[in-house]
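> My structure is below; once you've seen it, I'll send some questions.
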Amino acid sequence: MDKEDYLELYRVMVRIRKFEQQATDSFEIGDIPGMVHLSMGQEATEAGACSVLKKTDYITSTHRGHGHMIAKGGKTDRMMAELCARRDGYCRGKGGSMHISSIEIGMLGADGMVGAGMPIATGAALASWIRGTDDVTVCFFGDGASNEGLFHECLNFAALKSLPVVFLCENNLYAISTSTKRSMKVQDVASRAAGYGIPGVIVDGNDVLAVREATSEAVARARRGEGPTLIEAKTYKHHGHFEGDPADYRPQEEVQLWLDKDPIPRYARYLVESGIAVEGEIAAIDGEIAAEIAKAVEFALASEPLDSRETCMDVYSDIVEEGR
Amino acid sequence: MAKRVSTSKALNNALDRAMAFDERVFCIGEDIGIMGGTFGVTAGLLDKYGEKRVIDTPISEAMFMGAAVGAAARGLVPVVEIMFSDFVTYCFDQVVNQAAKMRYMYGGNIEMPIVIRMPGGGSVQSAAQHSQSLEGLFGHIPGLKIVMPSSPSDARGLLLSSITDRNPVMFFETKSLYAKVEKLEEEYDPIPLGTASVKREGGDVTIVATGPCVLKAMNAASALAEEGIEAEVIDPRTLYPLDTKTIFGSVEKTGRLLIVTEECKRGAWSAELSAEVAEKQFVALKAPIARVGALNTPVPLAKQLEDYYLPQTENIVDGVKSILKESVIK
């Protein structure tokens with residue numbers, strides 16, 4: 001890693017954080033409709049994992065997908081336009097926060113159904129296997145999805161066929177109000193890897209370099225044709241399940257403990273203390289991203305809203321449905 | 001030279017032709033490789049195309065349906081076999097929330113060319129979990145196309161079109177039709193989705209029948225002809241998109257409509273068609289629209305019960321006669 005690589009990790013984390021802070025504000029004043037699930041606090045996992053991927057690699061995401069998309073190379077202006085349901089969004093305003101995607105950057109989609117991205121990632125990896133290409137798919141999912149039946153079906157099949165996929169569980173300790181203590185007998189999702197004959201790795205999900213290293217190994221293994229790895233990144237989200245959820249089911253001391261482990265100031269300290277960057281450079285990145293996000297909002301709000309008649313389009317490739 | 005070909009073999013031929021023509025096409029499902037499929041539809045394809053294009057899976061329907069979505073998103077063309085159409089309920093989310101909606105949610109920026117092949121229907125004494133006709137369930141979902149052939153020639157032509165279609169297609173095969181044989185030429189063209197087939201012309205009543213009911217409707221029409229009643233029998237072949245032009249044209253001519261499907265009648269596709277004709281062609285109708293379907297019960301096991309449960313030729317004959325009797329305009 002050279003200095004720029006280190007700084008880029010910081011830049012991506014800050015981009016996710018500021019994008020989501022803006023999303024909170026834009027949601028509150030009504031510029032963003034519907035439901036918004038934020039991943040603030042989990043940036044190290046998103047940035048660290050995607051930092052080792054090539055443009056030709058793929059990811060699948062969850063309902064909490066802004067960070068994954070930004071880390072995979074999503075542009076914040078088109079993303080903000082999508083969240084605001086505008087024409088210049090990645091999905092032409094028809095997906096929004098929960099269905100944001102971009103095939104051209106290898107982001108196969110956020111998904112409103114818990115665990116549903118797992119077979120889709122398996123299928124993306126199956127496509128590499130069929131074609132004999134060396135691209136890899138990283139499947140992001142949560143602790144909640146690890147209790148879905150699809151988790152078992154997908155890990156079994158991907159392991160069986162040695163598919164080039166990395167299953168990356170962002171264990172943020174809660175599936176809405178249900179803590180992993182109340183949803184799993186075992187403590188670690190990663191321990192389930194043994195049942196599929198694949199490596200299971202636990203990593204500090206708030207340490208961007210640790211996530212990068214673990215993912216790098218798993219991706220290299222997948223690229224070599226040696227099959228999947230299950231990585232469990234232990235992390236925590238700062239906000240509740242959705243914007244508007246007070247999340248008072250989480251003990252305040254626990255929340256504070258994780259706020260103290262916030263991955264962004266932690267990494268900034270590391271950069272300065274290890275002499276990789278000086279504080280001025282960190283502040284410059286913060287400023288640069290703040291300006292980018294301000295422009296993204298301008299771009300989004302300047303983008304044309306959809307015409308009601310577009311409701312009937314894009315259902316099929318060759319049929320426009322009847323309107324009113 | 002024409003040869004006698006079963007529906008299974010005709011489908012097999014269409015798969016073979018599609019796979020030879022387009023290397024993006026692959027088959028995935030349970031026991032489709034070494035075994036050649038529970039009904040022999042994929043026989044021989046593993047040897048010809050190899051294990052990367054004819055993929056035997058563990059029993060995990062939701063996984064491989066979702067994998068088809070992922071592979072389609074990356075430009076491949078999966079043909080999924082669900083061993084019995086009843087098992088598609090394992091993959092409801094992947095069909096209904098993923099495959100069907102992805103193009104829409106992604107603003108048209110993705111193609112979802114998936115064919116989901118499913119043996120369905122009764123009359124083989126397979127009881128409640130291996131005999132259902134679930135086409136109406138999926139006909140309700142925007143984003144899906146629904147295909148249901150009733151003969152070997154239609155089966156192969158429609159399967160070819162389904163594979164080249166850029167949308168998810170629910171392809172309902174009928175177990176009782178697999179062994180049905182027809183004399184076919186080796187050369188054939190794809191049959192465009194959304195084109196009905198008029199199986200028999202007649203001016204007194206229109207019978208729209210799907211899948212296994214087409215044969216029964218034809219038998220009923222012959223019996224009715226002996227009594228001087230001329231029925232027009234239409235097989236829509238694709239339930240969505242529906243060839244309303246052909247059906248509406250026929251109803252315009254006859255003024256009477258009987259719909260025959262093997263689904264249990266409650267909430268069936270036949271109800272949708274009935275409503276559509278009632279809404280759009282009320283003035284053309286001389287009598288109330290009637291439907292013949294299965295009973296609103298699970299599919300029973302015992303032969304005498306299943307025969308009673310399923311729509312039979314005599315039910316169709318009776319249905320037509322009662323429409324004629326109820327006609328307000330003669």
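The values are calculated or read from the model by the stated rules, or taken from the named source; none is laboratory data. Note that the structure is a prediction, hence the values are computed from the model and not measured. Here Cβ is always computed from backbone atoms with ideal geometry, including for glycine, and neighbour counts include all displayed protein chains.
> A:Cys91 is checked against (1) touching a helix residue (DSSP H, G or I) at 6+ places or on another chain (Cβ under 6 Å); (2) in a loop (DSSP other than H, G, I, E, B); (3) within 20 Å of A:Ala44 (Cβ to Cβ) and fails just one. What number does that condition carry?
Result: A:Cys91 passes all but (3).
> While we're here: Only one of (1) outside any helix (DSSP H, G or I); (2) within 14 Å of chain A (Cβ to nearest Cβ) fails for B:Ser162. Which number is that?
All conditions pass for B:Ser162, except number (1).
> Let me ask something additional. Before we move on, is B:Gly36 under 17 Å from A:Leu126 (Cβ atoms) and either within 14 Å of chain A (Cβ to nearest Cβ) or at pLDDT 95 or above (or both)? Break it down stepwise before answering.
Working: under 17 Å from A:Leu126 (Cβ atoms): no; either within 14 Å of chain A (Cβ to nearest Cβ) or at pLDDT 95 or above (or both): yes.
Against the criterion (under 17 Å from A:Leu126 (Cβ atoms) and either within 14 Å of chain A (Cβ to nearest Cβ) or at pLDDT 95 or above (or both)), B:Gly36 does not qualify.
> Follow-up question, since we're still on this one. Do you know which residues across the range B:149-172 are of a type in the set (D, E, K, R) and in contact with a Leu (Cβ under 7 Å, 6 or more places away or on another chain)?
The answer is B:Arg156, B:Asp165.
> Can you name the residue in the range A:272-324 that is under 23 Å from A:Leu9 (Cβ atoms) and acidic (Asp, Glu) and is also surrounded by the fewest Cβ atoms within 10 Å (Cβ to Cβ) among such residues?
A:Glu273
> Continuing with the same structure: Kindly check whether there is at least one residue in the range A:191-209 that is of a type in the set (Val, Ile, Thr), modelled with pLDDT of 95 or more and in a loop (DSSP other than H, G, I, E, B).
The answer is yes; a qualifying residue exists.
> If we keep just the residues of the range A:106-137 that are assigned to a loop (DSSP other than H, G, I, E, B) and closer than 11 Å to A:Cys154 by Cβ, which is nearest to the other protein chains (Cβ to nearest Cβ)?
A:Ala116
> In addition: Being within 14 Å of chain A (Cβ to nearest Cβ), closer than 26 Å to B:Val198 by Cα and aliphatic (A, V, I, L, M) is the filter here; which residues of the range B:129-146 pass it?
Residues satisfying the conditions are B:Leu144, B:Ile146.
> Moving on to the next point. For the range A:70-105, how many residues are under 13 Å from A:Phe19 (Cβ atoms), among the aliphatic types (A, V, I, L, M), within 12 Å of chain B (Cβ to nearest Cβ) and in contact (Cβ under 8 Å) with a residue 40 or more places away in the chain? Outline the logic, then answer.
Applying the first criterion (under 13 Å from A:Phe19 (Cβ atoms)) to the range A:70-105 yields A:70-71, A:74-84, A:97, A:100.
Subsequent filtering for residues that are among the aliphatic types (A, V, I, L, M) retains A:70-71, A:79-81, A:83, A:100.
Next, from what is left, pick out any that are within 12 Å of chain B (Cβ to nearest Cβ): A:81, A:100.
Then drop every residue that is not in contact (Cβ under 8 Å) with a residue 40 or more places away in the chain, which leaves A:81.
Adding up the residues that qualify gives 1.
> Find the residue count for the range B:213-237, including only residues that are assigned to a helix (DSSP H, G or I) and either touching a helix residue (DSSP H, G or I) at 6+ places or on another chain (Cβ under 7 Å) or closer than 15 Å to B:Leu324 by Cα (or both).
Summing the residues that are assigned to a helix (DSSP H, G or I) and either touching a helix residue (DSSP H, G or I) at 6+ places or on another chain (Cβ under 7 Å) or closer than 15 Å to B:Leu324 by Cα (or both) in the range B:213-237 gives 8.
> Please go through the range B:256-276 and pick out each residue that is buried (at least 21 other Cβ atoms within 10 Å of the Cβ) and either part of a loop (DSSP other than H, G, I, E, B) or of a type in the set (Val, Ile, Thr) (or both).
Hits for the range B:256-276 are B:Arg256, B:Ile259, B:Val260, B:Thr261, B:Ala268.
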